[in-house]
Amino acid sequence: MQKVKYDDRFVSEWVGEAKLGRLREDAAAAENLLAAKKGPGNDFLGWLELPAAITAQQQRAIKDKAEQVRATSDILIAIGIGGSYLGARAAIEFLSTTFEERRAPRVLFAGHQVNSDYLHDMIELIADRRVTINVISKSGTTTEPGIAFRVLRQFMEKKYGKSEAAKRIIATTDPKRGALRSLADTEGYATFSIAPDIGGRFSVLSPVGLFPIAVAGIDIEALVAGAREAMGFCSGANLDTNMSARYAAVRNILFRQGKTMEVMAGCNPYLHFVCEWWKQLAGESEGKDQTGIFPAAVDYTTDLHSLGQWMQEGLRNVFETFMYVKKSRSTVTIPRFDNDSDELNYLAGKSFEEVNEQAYLGTVLAHVDGGVPAASIMLEDRSEETLGQLFYFFEKAIALSGYLLRVNPFDQPGVEAYKKNMFALLNKPGSEKRRDELRQRLEKLGLCS
């Protein structure tokens, strides 16, 4: 059953059938390039058929290890940055009970920023808890997760002793090479492999995402099955039947009209990290060669009382994609009071979902009237199958969109620029010349201590 649908009726003023028709040939060419694995970045297409390629045995191995962690741990700490943590966090927030304190075991995340207070507070929290660590990195040398793992590995070895700590550390890394693979083999950590042809931001349906998701008690088989279903309605050269291609085409037509920013509007609070995952997927895939649609996200109705003003009347270089979940898991009804001092009795008897739906529809109409093209992605419910379909839909759409933008959607050369500067300023061996040049620049601005 298709549980994710894309509705572009409210963009017809900007994207009519004539304009779509002119892009059909380009979209079909992009689909064919992707399917034939002949386009830019074709050595990173392992995600494309992953939902069908991952075996029951592989999923069982992930589930078995997850059940072991669930039985022996109060907390799993997933250490990773970018695609190494965002997919898992998006799934856990979307599919789990709302408040983290009610989840058992809790899945916490580290290594996605550089902050002493965050790590110090985490260590205080886990000091008297049963802890397992899942460190996720292809190379093992990425700075943010690498230094977080150093601190947490030291904590684990002091808490449990080196031998027992090794039993509580699981490495998800390259199958053959890299610093983390070498360390895992030396220390005897359990491991899961990241296929060399799957990049981080496309890795949520691999062990990178599936293992922490399984530890959270989520049905990964249903998640993968949903993605497998999406392979059917997100394939083919026809924009009328390939939902990913149609979304990619619409956003590129709008981009060519000067709508350079896409705002993903999550209309339910548990979509927040799904939007964060999408931002990384889109931004790192498309923003290169001095082009690309800038991805931003808002939480509605919360942000209607802040950024909603900008969306209604700000610079008209933006288009909006609403993401809305049709069915909630529970229903809370608004009560009636004899004293109607807040003048809200007209809502008595209505559910929060009824109010939210009308807020969504009212916002779409208002923003379209304000000059913002607005499409919608409708999700049937908060289920693993639905989220699996959504993950695959976005992965395929952004890959196609990258090809329509004439960029390689599977590399990220710009990410290296800050790293080279940071390494030099931190006195990494071999970067002395660059360090001196950077410090001279900073000294002229009074920024070098």
**Prompt:** When the helix-only estimate is applied to the chain (DSSP H runs of n ≥ 4, each -39,500 (n - 2.57), divided by the residue count), what is the mean residue ellipticity at 222 nm, nearest 500 deg cm²/dmol?
**Reply:** -15000 deg cm²/dmol
**Message:** Which order do the peptides 378-384, 394-400 come out in when sorted by mean C-beta neighbours inside 10 angstrom, highest first?
**Reply:** 394-400, 378-384
**Complete:** A correct Karplus calculation of ³J(HN,Hα) over the stretch 379-393, with 6.51 cos²θ - 1.76 cosθ + 1.60, θ = phi - 60°, whole Hz and x for Gly and Pro, returns 9, 5, 6, 9, 10, 4, 4, 4, 5, x, 4, 5, 4, 5, 3
**Asked** Suppose every K and R has +1 on its Cβ and every D and E has -1 on its Cβ; what is the size of the dipole of the chain about the Cα centre, in Debye to the nearest 20?
**Response** 1740 debye
**Request:** Take peptides 111-117, 327-333, 254-260, 76-82 and line them up by average Cβ neighbours within 10 Å, highest first, as a rough protection proxy.
**Result:** 76-82, 254-260, 111-117, 327-333
**Request:** With 18 Å as the limit, write out which pairs from 158/428; 176/420; 38/396; 5/259; 5/396; 19/259 have Cα-Cα distances beyond it, or answer none.
**Result:** 158/428; 176/420; 5/259
**Asked** Which of the chymotrypsin sites (Phe, Trp or Tyr not before Pro) found in the stretch 292-352 are loop residues per DSSP with 14 or fewer other Cβ atoms within 10 Å of their Cβ?
**Response** 337
**Message:** Need the full-extension length gain, residue 256 to residue 7, defined as separation in residues times 0.36 nm minus the C-alpha distance. One decimal, nm.
**Reply:** 87.6 nm
**Fill in**
Placing +1 on each Lys and Arg Cβ and -1 on each Asp and Glu Cβ in the stretch 1-115, then taking the dipole about the Cα centre, the residue among 61, 41, 98 whose Cα reaches farthest towards the positive end is 61
**Item:** Separation of the residue 19 and residue 241 label points, Cα + 7 Å toward Cβ, nm
**Value:** 2.7 nm
**Fill in**
For the stretch 220-229, in residue order, the Karplus 3J(HN,Hα) values (coefficients 6.51, -1.76, 1.60; θ = phi - 60°; whole Hz; Gly and Pro = x) are 6, 5, 5, 4, 5, 4, x, 4, 5, 5
**Request:** Just tell me which aspartates and glutamates come within less than 12 Å, Cα to Cα, of residue 327; anything on the same chain fewer than 8 places away is out.
**Result:** 353, 354, 357, 380, 381
**Asked** If we sort 419-430, 285-296 on the protection proxy, mean other Cβ atoms within 10 Å, highest first, what's the order?
**Response** 285-296, 419-430
**Complete:** If unit charges are put on Cβ atoms (+1 for Lys and Arg, -1 for Asp and Glu) and the dipole of the stretch 238-361 is taken about its Cα centre, the option from 306, 352, 268 lying farthest towards the positive end turns out to be 268
**Message:** On C-alpha positions alone, give me the angle between the axis of helix 415-425 and the longest principal axis of the chain, in degrees, nearest 10.
**Reply:** 40 degrees
**Message:** I'd like the Karplus ³J(HN,Hα) series for the stretch 25-38: coefficients 6.51, -1.76, 1.60, θ = phi - 60°, whole numbers in Hz, and an x wherever there's a Gly or Pro.
**Reply:** 5, 5, 5, 5, 5, 5, 4, 5, 4, 5, 5, 7, 6, 10
**Fill in**
Rounded to the nearest 5, the percent of DSSP beta bridges in the stretch 218-355 running antiparallel is 15 percent
**Item:** Cα-Cα separations in the stretch 49-108 greater than 18 Å, expressed as whole percent
**Value:** 49 percent
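Values in this text are rule-based calculations from the coordinates and carry no lab data. Here the structure is a predicted model, which means the values were calculated and not measured. All Cβ positions, glycine included, derive from the backbone under ideal geometry; neighbour counts span all protein chains shown.
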